[in-house]
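In what follows, a structure is listed as structure tokens, so that the remarks can point back to it.
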Amino acid sequence: MRRLEEHVMGKVTSRRAVLTAAAGAAGSALAAGCGGNGDENGGVTEETGPAPSEPPGGRALVATSEIPVGGGKVFEGEKVVVTQPEEGTFKAFSAVCTHQGCTVAGVEGGTINCACHGSKFRVADASVAAGPARRPLPQRQITVESGSIRLH
């Protein structure tokens with residue numbers, strides 16, 4: 001097997017060494033850019049304070065009043081479906097059908113429904129109510145507080 005070599009600053013260097021050095025330099029530049037002025041305190045300085053982060057409990061997704069009892073709502077952008085199987089109980093599941101990866105279309109008649117091939121999942125636990133899907137929708141983590149549902 002023939003080894004590729006390049007001339008760098010008057011030295012014969014392997015291609016692997018050149019790529020490794022370039023990757024290391026890029027990583028250092030990226031770390032300095034993300035660290036807030038390249039300091040060693042994770043972006044915390046006296047002038048700026050701590051770096052911003054996601055609020056505790058995740059980001060606000062929807063008001064509890066927007067999720068009907070026995071039904072739910074699909075959030076396509078977040079690929080999540082939120083249901084309220086009984087008054088005051090909220091659940092969240094992946095909105096990606098376990099059959100062939102389509103995003104579920106909606107929630108009606110006590111099931112989360114995929115329009116691609118007709119799979120249906122129960123609003124209470126996302127178990128399969130009708131195929132062709134064979135596996136339930138994976139659960140997603142939410143927090144319900146002060147009339148708001150937050151997605152983690």
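The values are calculated or read from the model by the stated rules, or taken from the named source; none is laboratory data. Remember, predicted model here, so these are calculated numbers, not experimental data. These area figures cover heavy atoms from the full protein model, side chains too; ligands, DNA and RNA do not enter into them. Shrake-Rupley method; radii C 1.70, N 1.55, O 1.52, S 1.80 Å.
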Using only the Cα atoms of the range 54-135, construct the convex hull and provide its projected area averaged over every direction, in square nanometres to one decimal.
5.4 nm²
Accessible area (Å², 1.4 Å probe, nearest 10) - T103
40 Å²
Using modelled backbone amide H atoms (1.01 Å from N, in-plane), which distant-in-sequence or interchain residues come within less than 5 Å of I112's amide H?
F121, R122, V123
Counting only the heavy atoms of the protein chains, how much of C102 is accessible to a 1.4 Å probe, in Å² to the nearest 10?
30 Å²
Given a 1.4 Å probe and heavy atoms of the protein chains only, how would you sort R134, R150, R122, largest accessible area at the top?
R134, R122, R150
Roughly how many Å² is the accessible area per residue of the range 84-152, as a whole number, for a 1.4 Å probe?
53 Å²
